[in-house]
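Just below is one structure, and these are the notes that go with it.
Any read-out appearing in this document is the output of simple, stated calculations on the displayed coordinates, not a laboratory observation. In this text the structure is predicted, and so the values were computed from the model without any measurement. Cβ sites come from the backbone with ideal geometry, for glycine too, and all protein chains shown count toward neighbours.
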Amino acid sequence: MANVNTSCPISEVPRERVLTQIHTNATYAIVASQTAPDQWMARCCDPKPVHIVENCWEWCEVNGTDKNKIFSDFWACLAAHKRNDTHSDSLLVNKSGTATELFVTNREWDEARRM
């Protein structure tokens, strides 16, 4: 079993702490995690490497042109590879060349899918 870092918030990606440490113009996905590094993240990022910020957030570059599709596909991959929702509860996708990002917690994702 992975070590659990309970000081990591599972439902947030603080922009000033995390995004300023990601130096890429590529499209990327970020997951908050109390158990970084995680095998499920490595599988969803493959073949791209997983990077870790402050032992609490994992990110990697992802492919795609539609932010919503990237988000949906990545979320499905995390679920398929058994991400533990009690230690990781959020996903942020930032598409290259855009000033906006898509950030959702598990609860918000479940509510949106029920609509």
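A few comments on the model shown:
- Filtered residues of segment 46-73 (kept if outside any loop (DSSP other than H, G, I, E, B) and within 24 Å of T6 (Cα to Cα)): H51, I52, V53, W57, E58, W59, C60
- Taking segment 65-97 as the range and being within 21 Å of L19 (Cβ to Cβ), touching a residue at least 40 places away in the same chain (Cβ under 8 Å) and among the polar types (S, T, N, Q) as the test, the residues that pass are S88, S90, N94, S96.
- Among the residues making up segment 38-70, a single one is among the small types (G, A, S) and more than 16 Å from S96 (Cβ to Cβ): A42.
- Of all residues in segment 14-48, those being within 17 Å of L78 (Cα to Cα), surrounded by 13 or more Cβ atoms within 10 Å (Cβ to Cβ) and not aromatic (F, W, Y) number 17.
- Condition check for I30: out of contact with any helix residue (DSSP H, G or I) (no Cβ under 7 Å at 6 or more places or on another chain), at negative phi and not in a loop (DSSP other than H, G, I, E, B): yes
- Taken together, the criteria place K69 among residues that are out of contact with any Asp or Glu (no Cβ under 8 Å at 6 or more places or on another chain) and of a type in the set (K, R).
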